[in-house]
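Each remark here refers to the structure printed beneath this line.
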Amino acid sequence: MKKFKKILTRVLIGLVVLAVVVGAVGVYVLKIYIPNTAAPKSFPQVDGELQLAGLDDVVDIYRDDMGIPHIYASSLHDLFFAQGYVHAQERFWQMDFWRHIGSANISELIGAAGLDNDKFLRTLGWRQVAEAEYASLNRTSRAILDSYVEGVNAYLSDREPVEISLEYLLLTKLLNPDYVIEPWTPINSLTWGKAMAWDLGGNIDNEIERAILLKTLSQEQVDELFPPYPTDHPVIVPEVGGSTVLNDGDSGMSISPELAVVEFQPIADQLAGLEALLGPTGSGIGSNSWAISGEHTSTGMPLLANDPHLGIQMPSIWFQNNLYCRQKTADCPFEVGGFSFAGVPGVIIGHNDQLAWGVTNVGPDVMDLYIEKINPDNPNQYEFNGKWVDFETREEIIEVAGSEPVTLTVRISRHGPIINDNYPPLKDQVDLEDDPDAQPFKDKSGVSLPDTYAIALAWTALTPSSPFEAIWGFNIAQNWEEFRAAASRFHVPAQNLLYADVEGNIAYQTPGDIPIRKNGDGRLPVPGWTDEYDWTGFIPFEELPYAINPPSGYIATANNQVHPWEYPYFITYDWSYGFRAARVVDMIENAPGKVDIAYIQSMQGDSKSLNAETLVPILLSLEFNSDAAEILGRFLASWDYQELAGSQSAAVFEWFWWNLLMNTFKDDLPEAQWPGGGDRWYEVMRNLVQEPNSAWWDDKDTEDVVETRDDIFIRAMEETIEQLGKEYGKNYAKWPAWGELHGATFRNGVLGESGIGPIEDIFNRGPFVTGGGEGIVNATGWTIGSFAVDWLPSMRMIVDLGDLQNSVTVHTTGQSGHAFHPHYIDFAPLWAGVEYYPMDWDEQTIVNQSMEHLRLIP
């Protein structure tokens, strides 16, 4: 991604200079796109009538004061036609950008800067999988998707790119003058599922990191850096029954440290580039949801809350809308509201007239890396059970704006695509003969591997199965049985499905294709030249964890361990470590009375750091000089561990946390594997502080001194005080509050990260001051290296099953994807302050309070 930014910056600087000289483009922008002028042509028509070919009947679209559309149609076709039209009106640049990612055509849009990501994503073959999914859709699902596509293309018809979005003005006038907007296709929608499956899909980053760390650390040390899920933190489903969860035996193959780095570090670097494009991944990133039954609520009916955590972006990943069939029938059964993805029909998270649902990421281990033996005499063959087998191959042509197309040959083994073909061969990276310490791979029996091998990725999402059929099933389900039947079609990415209904039920279901392995637990790459480590199938749906109306009266999920400690199947080793879950459960069980929406709002905004609760008492027990002791007393001695935006204490603590991690681990780990600061490191440190003389505390860079825990704590705190003083002055009363360091800046895809201030100022907004942090319920994540928010609660929703009109919500930016539109960034102040707006449902309320009314007529 750094390479991408560098190239894009050079190109745009030159082109902006050209635009200034020519003048025409600059004048056009000033005339059309600055505030207080006539609305640009790209802004959507939201009032009056529009005649559109293809409709069967009149469609009414009411928008409220937040710009949220409520769509009323007489047929299923018209309903999804209208949703596609509205999505394209408001968000087509976002849709177009994401379809280029999903189909691995980024270079076609932005040029050679996107080529590395295109090569990797083409290797995975998302588009081919989506094409197979479309072919297998049932008649109703295909009708939904085709109708949606018609609506998108009805909007695009007869419009010039500059009439669709400001981004196209800069793209076509400055960066890529030959760019043509292609019609939308069903495949463009289905590749969205692949992108989300990747974002939420597995532990490949942890698998690679563990392999790389074996270069310098023992297996025992690596295990300390990837501890098991803590037994004192809650699980989602306490009772399912069965036997031991974890396979304590063979976890995979022993990997030669030298080759682990040679082969896996380039892949790790590629994954980091994808994170810059798609958003951060990992077990510490996820979502919160909880459902509380009527016995514990002020209304006597369930309340359901959800806040999915995703990478920060502009516009929001979510587009809020309601979809109503005028007469709900078997042919048109939709009456549903909530959050959609621009580019996909239906409602991903929300409620209908009978039930509500939320999702958080399960994070099962659905990715495995296999080392394939390659025939040294024929690179198009690999070994399986003693025989040479031909790779399946596929040729890809990648179009590159401003350059010649690039041809890519993809090799696919029985396990999956070869993902290291785009990196230099092993012999070009390291000469084993000149390195006496380098050894080839060895399996558990000590048998050496040959020098010719490749790395294949097995991933459940590469088998055709669209999650959207399940989601459309949720949209129309009328009870738990129908909802659960729809959940059985939710294959990837596996999500914690939380449920509540107007009959008073609360329930939970794990869906998804979760592999059963012959051997190993997915923590390390494994041999692929035999079937010893193959998948034998998936956990049967009926045996996946679920619960309905548990005795506790609540269900809480926060990407923590799903199943009880005794369960017959392995789901993953890499759970989120349960800090958010522990805090949610604590707040539910210790509510001051019956739970109401206001209390749940306070829960979603809760910023208590359980990491601080562990570490601050140790700090306060140590001896510091008088200045440091005064600062500790002022900021930390009586702190309640709430990382609120206005808290100086939170700023001091998190600065200390950064220094503590660096002082503890920087000397022990390769730079690429330095701590990121997420909840895995909370658990690592929670275990480590109980061993004050552990070797981890000793600084290898100091001679004749063996540091202990207390030495490193004191050093980290003294460095924190020195750094804050140098940055902000000796008057610590003027040191920054947490929100001043921990801002949320929403950046537009591609142009918002150009490195050119004037262009970024057109599209980006922020920073918005916010509280919260890593491993905290108000999960505004950040990564060591910057305190800035890089992932966040992408929306917050609270559904009242006693009165759906009483439900509330908020998401991050605004409904519009058009810079300078009134609804471009109007949600952000509410979101940052953990405030909400009504989630309108009743038709009379919607009509009476509507600010705009658009009629689409045949």
Problem - Net length gained if the chain between Gln478 and Glu691 were fully extended (0.36 nm per residue, minus Cα distance) - result: 71.3 nm
Problem - 13 Å beta-carbon shell around His87, net charge (K/R +1, D/E -1) - result: -1
Exercise for the section: Report the accessible area of Asp56, computed with a 1.4 Å probe over the heavy atoms of all protein chains in place, in Å² rounded to the nearest 10. Expected result: 100
Exercise for the section: Would you mind calculating the gained length between His853 and Ser602 on full extension (0.36 nm times residue separation, minus the Cα-Cα distance), in nm to one decimal? Expected result: 86.9 nm
Handout entry: Accessible area of Thr216 in the full protein assembly, 1.4 Å probe (Å², nearest 10)
Key = 80
Completion exercise
Interchain or sequence-distant (5+) residues whose placed amide H lies within less than 5 Å of the amide H of Asp596 are Ser298
Completion exercise
The answer for the chain, accessible area per residue at 1.4 Å probe in Å², is 36
Handout entry: Among Gly350, Leu109, Leu310 the positive-end extreme of the charge dipole of the chain (Cβ point charges)
Key = Leu109
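Net charge within 12 Å of Asp574 by Cβ-Cβ distance, Lys/Arg positive one each and Asp/Glu negative one each, not counting Asp574 itself?
-4
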Problem - Exposure rank, largest accessible area first [Ser287, Ser786; 1.4 Å] - result: Ser786, Ser287
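Which of the peptides 685-697, 788-800 is most tightly packed, and how do the rest follow, judged by the mean count of other Cβ atoms within 10 Å per residue?
Result, highest mean Cβ count within 10 Å first: 788-800, 685-697.
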Fill in the blank from the handout: Sorted on mean Cβ neighbours within 10 Å (highest first), peptides 644-651, 722-729 come out as 644-651, 722-729
Practice task
May I ask you to order 769-777, 736-744 by the average number of other C-beta atoms within 10 Å around their residues, highest value first?
Solution key: 769-777, 736-744
Practice task
Have a look at Gly84, Val362, Asn138 and report the one farthest towards the positive end of the charge dipole of the chain, computed about the Cα centre with Cβ charges (Lys/Arg +1, Asp/Glu -1).
Solution key: Gly84
Handout entry: Percent RCO, i.e. relative contact order, over the chain, from Cα pairs under 8 Å lying at least 6 residues apart
Key = 20
Exercise for the section: Could you compute the FRET efficiency for Ala788 and Lys730, with r as their C-beta to C-beta distance and R0 at 30 Å, rounded to 0.05? Expected result: 0.70
Handout entry: Unit charges on C-beta of K, R, D, E only; dipole of the stretch 678-803, Debye
Key = 600
Practice task
In nm, give the distance between the simple-model label positions of Asp331 and Arg142, each being 7 Å from the Cα along the Cα-to-Cβ direction.
Solution key: 1.9
Practice task
Can you pull a Stokes-Einstein diffusion coefficient for the stretch 727-772 at 25 °C (0.890 mPa s), Rh from Kirkwood over Cα pairs, as a whole number of µm²/s?
Solution key: 199
Practice task
Rounded to the nearest 0.05, what FRET efficiency do Lys518 and Glu722 give with R0 = 60 Å and r taken as the Cβ-Cβ distance? Could you check?
Solution key: 0.65
Practice task
With the full set of protein chains in place, find how many percent of the accessible area of the chain is carbon and sulfur; take the probe as 1.4 Å.
Solution key: 50
Problem - Three semi-axes of the equivalent ellipsoid, the stretch 729-805, Cα gyration tensor, whole Å, largest first - result: 27, 22, 12
Practice task
Tabulate in residue order the Karplus-calculated ³J(HN,Hα) for the stretch 617-633, using 6.51 cos²θ - 1.76 cosθ + 1.60 with θ = phi - 60°, rounded to whole Hz; enter x for Gly and Pro.
Solution key: x, 5, 4, 5, 8, 9, 9, 10, 5, 4, 5, 5, 4, 5, 5, 4, x
Handout entry: Dipole magnitude of the stretch 136-197 about its Cα centre (Cβ charges: Lys, Arg +1; Asp, Glu -1), debye to nearest 20
Key = 340
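The values are calculated or read from the model by the stated rules, or taken from the named source; none is laboratory data. The shown structure was predicted, so the numbers you read here are calculated from the model rather than taken from an experiment. In this analysis, Cβ positions are derived from the backbone assuming ideal geometry, glycine residues included, and neighbour counts consider all displayed protein chains. We work out accessible area using only protein heavy atoms, side chains counted, and drop any ligands, DNA or RNA first. Shrake-Rupley method; radii C 1.70, N 1.55, O 1.52, S 1.80 Å.
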